[in-house]
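Comments concern the structure below.
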Amino acid sequence: MVRVLTNVPKQAKRGEPFDVKLLISHPMESGQRRDAMGATIPRSIINSFVCTYNGQEVLRADLFPAIAANPFFSFAVVAQESGMLAMTFTDDNGIVQTETVSVAVE
Amino acid sequence: MQRRRFLILSGTGLVVPLAPVRPVHATPADVAALIVELAAGAELRDGRVKLDLPVMVENGNSVGMTVSVDAPVADVQSIDVFAEGNPLPHVLRVRFGPNAGAPRIATRIRLATSQTVIAIAKMADGTCWCDSVDLLVTLAACID
């Protein structure tokens, strides 16, 4: 489990885009660095990020080692009814974590 | 191994170097090849996609980047970002679903050196649009 900070409005207007921000605490080890002995430090990054709203996709991102450590994302979501925003990410070790936030639409 | 034997073997190429020699950075040609593969025959045109990056970067370890497309979300198939001077040029690929509010994403990226960063937007109708930023990196992202 990694620590995740999300910034999602609790209330949104129907059909009007709102911004979502997300900060994941993850080293995003690129696999390009070497340790003191000269051995390559194995790659360990979050390679996939998927955001859904009520099960319908908002966006799907493939991430590569060029994404900075402690990845930050900001994007726009549009909703027609109240529901659950789910943000799922998968890392190289196969660890899958989902953060959910409920949004009330008026 | 005796010195003479080593010399004979290395002369015949039987002693291989321990680590394969690999270029540190991708080249613009590598990125061009990736883009051609992505475009799949479509002509690459300037416009519609906007890549927001600072021109002067103080710290390559974390550079704020925003990519957006001037089109309805449903018309955008994918956005790709490539960094020509990074060891691995592909930075990001994003696809948008029906609940996306706008074809836009902001994140923070690593840049290994001063270079050109290219964003490609592929539309649902098959056309490809690009934008690029030439930037100067003072402190490179550590790769060593």
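Of the peptides A:21-29, A:73-81, the order by per-residue mean of other Cβ atoms within 10 Å, starting with the highest, comes out as A:73-81, A:21-29. The value for chain A of Rg(Cα) / (2.2 N^0.38 Å) is 1.24. Placing a pseudo-label 7 Å from each Cα along the Cα-to-Cβ vector at B:THR127 and A:VAL4 gives an inter-label distance of 3.6 nm. Summed over both chains, the contact between A and B buries some 2600 Å² of accessible surface at a probe radius of 1.4 Å. Each listed q (0.08 Å⁻¹) maps to a log10 I(q)/I(0) for the protein assembly as shown from the Debye sum over equal C-alpha point scatterers, namely -0.37. Each Lys or Arg adds one and each Asp or Glu takes one away; over the other residues whose Cβ falls under 14 Å from the Cβ of A:ASN70, this sums to +2.
Cross-link partners among lysines for A:LYS13, C-alpha distance below 22 Å, same-chain residues fewer than 8 apart left out? Filter leaves A:LYS21. Rg ratio for segment B:42-88: its Cα radius of gyration over 2.2 N^0.38 Å, N being its residue count, equals 1.38.
Take each residue of peptide B:85-92, count the partner chain Cβ atoms within 10 Å of its Cβ, and average: the result is 5. Label positions at A:ASP19 and A:VAL105, each projected 7 Å from the Cα along the C-beta direction, are separated by 2.1 nm.
For segment B:23-137, the square roots a ≥ b ≥ c of the C-alpha gyration tensor eigenvalues yield an a/c of 1.5 or more together with a/b not exceeding b/c, which makes the shape oblate. Placing a label point 7 Å from the Cα of B:GLU37 along the Cα-to-Cβ line, the residues of segment B:77-97 whose backbone N sits under 20 Å from it are B:77-95.
The values are calculated or read from the model by the stated rules, or taken from the named source; none is laboratory data. Computed from a predicted structure; not experimentally measured. Don't worry about glycine lacking a Cβ; one is built from the backbone with ideal geometry, like all the others, and counts go over all protein chains shown. Quick note on the areas: whole protein, heavy atoms, side chains included, nothing else; ligands and nucleic acids left out. Shrake-Rupley method; radii C 1.70, N 1.55, O 1.52, S 1.80 Å.
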